[in-house]
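Notes follow the structure.
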Amino acid sequence: MLALRSVLVIDGLDDAGLAAAPTSAADAIAIDLASPTVHADRARARTQAQRRLRAIAEAGRPVFVRVADQRSGETASDLDAVIGEHLTAIVLSGAAIPQDVRDADVAIRKREMRLSLTPGRVRLIPEIDSAEGLSHLRRMLDTVDRHAAVALNIDGLREDLRLG
């Protein structure tokens, strides 16, 4: 994958934004299934993400999906909704310890195998939003081989570090 200059993040419930995504000038599109607005209507957000993934990918844009963190109990359902041939990467929100990344890797691999996708095809981007996550980052990266990048959640880090 080439270096990306811009990633357009679209809330999973923003159907108009998702519909317009294939014509965006952004280098990649990230569909956010972990945003606070999605919590009240996860099923609809997942359905919209499923519907829009293919069109975005066919427009030549890498498609990332930001999924709920491992502690939410929603990660598996998010992955079930979006893993497929048109998905480029999963952004794992709230990655704090190496086990979070390991669990996501296993869950993605199971779905790749079930769908007869090449193992490792779907990349993994751990999103760090805490000092704990930063302190474990090196070990997270050493844990699995499907990393595409690391995302820093600046708002989460600011809150965790009490920077106001």
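The values are calculated or read from the model by the stated rules, or taken from the named source; none is laboratory data. Not measured: the values here are computed from a predicted model. Cβ placement follows ideal geometry from the backbone for every residue including glycine, while neighbour counts extend to all protein chains displayed. The protein model used for the area step is the full one, side chains on, heavy atoms only, and it has no ligands, DNA or RNA in it. Shrake-Rupley method; radii C 1.70, N 1.55, O 1.52, S 1.80 Å.
Taking the conditions (1) out of contact with any Ser or Thr (no Cβ under 7 Å at 6 or more places or on another chain); (2) among the aliphatic types (A, V, I, L, M); (3) within 24 Å of Thr23 (Cα to Cα) in turn, Val67 satisfies each one other than (1). When Arg146, Arg162, Arg158 are checked against the criterion of being of a type in the set (Lys, Arg), over 15 Å from Ser93 (Cβ atoms) and in contact with a helix residue (DSSP H, G or I) (Cβ under 9 Å, 6 or more places away or on another chain), Arg146 stands alone in meeting it.
Looking across the range 107-129 at every residue that is part of a helix (DSSP H, G or I) and within 13 Å of Thr75 (Cβ to Cβ), the one that is most open to solvent (accessible area, probe 1.4 Å) is identified as Lys110. Applying the selection to the range 60-90, what residues are charged (D, E, K, R) and either open to solvent by 50 Å² or more (accessible area, probe 1.4 Å) or more than 10 Å from Gly12 (Cα to Cα) (or both)? The answer is Arg61, Asp69, Arg71, Glu74, Asp78, Asp80, Glu85. Only a single item in (1) outside any loop (DSSP other than H, G, I, E, B); (2) touching a strand residue (DSSP E or B) at 6+ places or on another chain (Cβ under 8 Å); (3) closer than 22 Å to Leu115 by Cα is not met by Val9, and it is number (3).
Taken as a whole, the condition of being among the basic types (Lys, Arg), within 16 Å of the chain's Cα centre (by Cα) and either under 23 Å from Ala45 (Cα atoms) or open to solvent by less than 30 Å² (accessible area, probe 1.4 Å) (or both) does not apply to Arg102.
Ser93 falls short on exactly one of the conditions (1) without any contact (Cβ under 8 Å) to a residue 12 or more places away in the chain; (2) crowded, with 23+ Cβ neighbours inside 10 Å; (3) polar (S, T, N, Q), and that condition is (1). Among the residues of the range 22-42, the one identified as at pLDDT 90 or above, open to solvent by 70 Å² or more (accessible area, probe 1.4 Å) and not in a loop (DSSP other than H, G, I, E, B) is Thr23.
Of the residues Ala57, Ala45, the single one that is open to solvent by less than 50 Å² (accessible area, probe 1.4 Å), in contact (Cβ under 8 Å) with a residue 12 or more places away in the chain, out of contact with any strand residue (DSSP E or B) (no Cβ under 7 Å at 6 or more places or on another chain) and assigned to a helix (DSSP H, G or I) is Ala45.
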